[in-house]
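Let me begin by presenting the structure, written as structure tokens, before commenting on it.
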Amino acid sequence: MIALRDVVQQFGGRVVLEIPGLQFLPGRRYGLIGENGSGKTTLIRMLAGTSRPTSGIIEGLQGKKVGYLPQSPYAFSFSVLENVAMALDGRNDAKELAQKALVAVGMESLVEARGERLSGGEAQRMALARVLVRSYDVLLLDEPTSSTDVRSMDFIETTLKEYVEKTHCTLIFSTHSPAQALRLADEVLYLEKGRLVEQGPAQGLFHSPEDERTKAFLRHWSLNS
Amino acid sequence: MIKQVLELLFGADPELRQIIGVTLRMSVMSTLISALIGIPWGVAMGANQFKGKAILSRITNTLMGLPPVVAGLIVFLVLSRSGPLGKLSLLYSVPAMVIAQVVLISPIIAGMTANIVSLRAPSINETCAGIGINGWKRLWLTIKECRIPFVTSVLAGFGRSIAEVGAVQMVGGNIQFKTRVMTTAIMMQTNMGRFELAVALGIVLLIISFIVNSLVHRIQEQTLRDRTA
């Protein structure tokens with residue numbers, strides 16, 4: 001179990017995230033929703049270890065295999081296949097597994113293309129394949145489909161569900177789309193201005209939110225979708 | 001005068017050839033040494049977050065704008081007979097000019113390299129951390145990804161080196177057939193009212209600058225095309 005205790009993150013003296021207590025249970029799928037600046041990326045980066053909290057403790061990640069897809073993943077200038085295989089460096093079957101991972105995200109026709117020449121959506125799918133090519137105990141995805149079209153999004157969501165079922169990992173992802181959180185997550189966490197406003201089972205939170213702020217966010221989303 | 005300039009340019013004037021030879025030797029040497037110092041310095045600054053980075057960055061930026069005569073003065077004092085390296089008797093030699101240019105160019109290459117690396121490093125670092133690539137391997141990947149823009153910073157260093165006059169004049173002494181380079185020769189010939197050699201050297205300098213700038217432009221365009229294609 002991953003646990004956050006009194007975690008605060010400040011940038012330039014401004015508090016961007018403040019979580020008194022939060023737990024993520026093994027094998028569960030968690031979706032983080034909220035507007036820009038709500039703290040989704042900060043929370044995921046802290047869990048990934050690429051950002052340290054100003055104060056507080058994050059427990060339960062020591063010795064765990066943690067995979068992380070940042071919001072703007074880098075596409076290296078070598079081939080797409082090598083971009084994915086680099087995550088398996090040292091394994092004899094790296095290219096074979098990379099090829100399979102690329103098929104899983106619908107990029108089999110672009111294996112020879114150079115990473116730097118991909119479109120934003122293609123680069124994001126390639127980066128997802130690069131993460132999914134390995135098995136993790138905890139998988140952190142920061143807006144994994146923000147640049148992809150609707151068709152690719154369906155494809156990616158199916159791939160993600162299959163991956164989680166196969167590996168039994170804890171999945172924590174952020175998304176701008178509450179609908180995607182509903183499709184992918186067991187539990188949804190609504191963040192606003194760096195604070196966790198509400199957390200609950202996906203269906204429950206969407207159909208009967210308790211907090212007025214969550215209601216307002218979901219009402220705004222349903223009016224605009 | 002045009003006829004004399006053309007004769008100098010296309011003839012076999014030994015002094016002109018010698019001046020061009022010394023200039024190229026000095027510029028290539030100082031650029032290579034500066035690249036060896038400036039690139040690791042810039043990578044260290046651009047790829048990492050560490051205590052003292054802000055002050056190091058400010059020092060580098062200050063050194064990027066170091067007036068050549070100040071660099072010349074420092075190297076002159078260090079290499080002069082009573083200076084700490086006076087025993088090496090390097091003053092008024094090409095190696096002294098190379099040292100002065102390294103003092104001037106290394107910070108320029110370092111500053112440009114740091115800018116190049118700092119644009120890509122955050123994304124590369126996050127991506128590598130996400131798939132368990134850390135340490136030296138991550139640094140090597142960052143360097144590999146920036147290798148083409150690095151050439152731009154080295155060429156900019158070369159451009160600065162070949163056009164520099166103040167520092168090389170001070171520590172080289174503009175000695176005929178020994179330490180006279182294109183810029184110091186142009187200055188001297190102009191002062192003496194002998195414009196033919198000055199104009200001929202000016203044309204060679206402009207051609208070299210044009211070639212270097214064209215290379216930089218081409219590399220920048222290629223990099224931009226690769227990134228936006």
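What to note about this one:
- Cβ-placed point charges (K, R +1; D, E -1), dipole of the stretch A:66-134 about Cα centre in debye, nearest 20: 140 debye
- Part-to-part distance (alpha-carbon centres) for the stretch B:88-155 and the stretch A:44-87, which is given in Å: 25 Å
- Placing R0 at 51 angstrom, the Cβ-Cβ distance between residue B:7 and residue B:119 gives a FRET efficiency of 0.55 after rounding to 0.05.
- Placing +1 on the Cβ of every Lys and Arg and -1 on the Cβ of every Asp and Glu, with nothing else charged, gives chain B a dipole about its Cα centre of roughly 580 debye.
- Sparse-neighbour loop sites [GluC sites (Glu not before Pro); the stretch A:190-225; at most 13 other C-beta within 10 Å; DSSP]: A:210
- Between the listed residues B:188, B:141, B:214, the Cα displaced farthest toward the positive end of the dipole of the stretch B:2-228, a dipole computed from Cβ unit charges relative to the Cα centre, is found at B:141.
- C-alpha center-to-center spacing [the stretch A:88-145, the stretch B:162-229] in angstrom: 48 Å
- Remark: the stretch B:33-44, residue by residue, has Karplus-estimated 3J(HN,Hα) of 5, 5, 5, 5, 8, x, 5, x, 4, x, 5, 4 Hz, where x stands for each Gly or Pro and the curve is 6.51 cos²θ - 1.76 cosθ + 1.60 at θ = phi - 60°.
- Rounded, prolate or oblate (a/c below 1.5 giving rounded, otherwise prolate when a/b exceeds b/c) for the stretch A:66-116 by Cα gyration tensor: rounded
- The modelled label-to-label distance between residue A:65 and residue A:1, using points 7 Å beyond Cα along the C-beta direction, is 2.5 nm.
- Measuring nothing but how far apart in sequence close Cα pairs (under 8 Å, 6+ apart) lie, relative to its length, chain A scores a relative contact order of 27 percent.
- Additional length obtainable on full extension of the chain from residue B:62 to residue B:222, 0.36 nm per residue less Cα span: 54.6 nm
- Each other residue within a Cβ distance under 15 Å of residue A:42 adds +1 if Lys or Arg and -1 if Asp or Glu, for a net charge of 0.
- Fewest-first ranking of A:17, B:73, using other Cβ atoms within 10 Å as the exposure measure: B:73, A:17
- The relative contact order of the stretch A:66-134 comes to 47 percent, based on Cα pairs under 8 Å that sit 6 or more residues apart.
- Each Lys and Arg adds +1 at its Cβ and each Asp and Glu adds -1 at its Cβ; summed about the Cα centre, the protein assembly as shown shows a dipole of about 1280 debye.
- Debye intensity ratio in log₁₀ form over the Cα atoms of the stretch B:2-228, taken at each q of 0.12, 0.14, 0.18 Å⁻¹: -0.74, -0.92, -1.24
Just so you know, all these numbers are worked out from the coordinates, no wet-lab data involved. Values in this document were obtained by computation on a predicted structure and should not be read as measured data. Ideal geometry is used to build each Cβ from the backbone, glycine not excepted, and the neighbour counts take in all protein chains shown.
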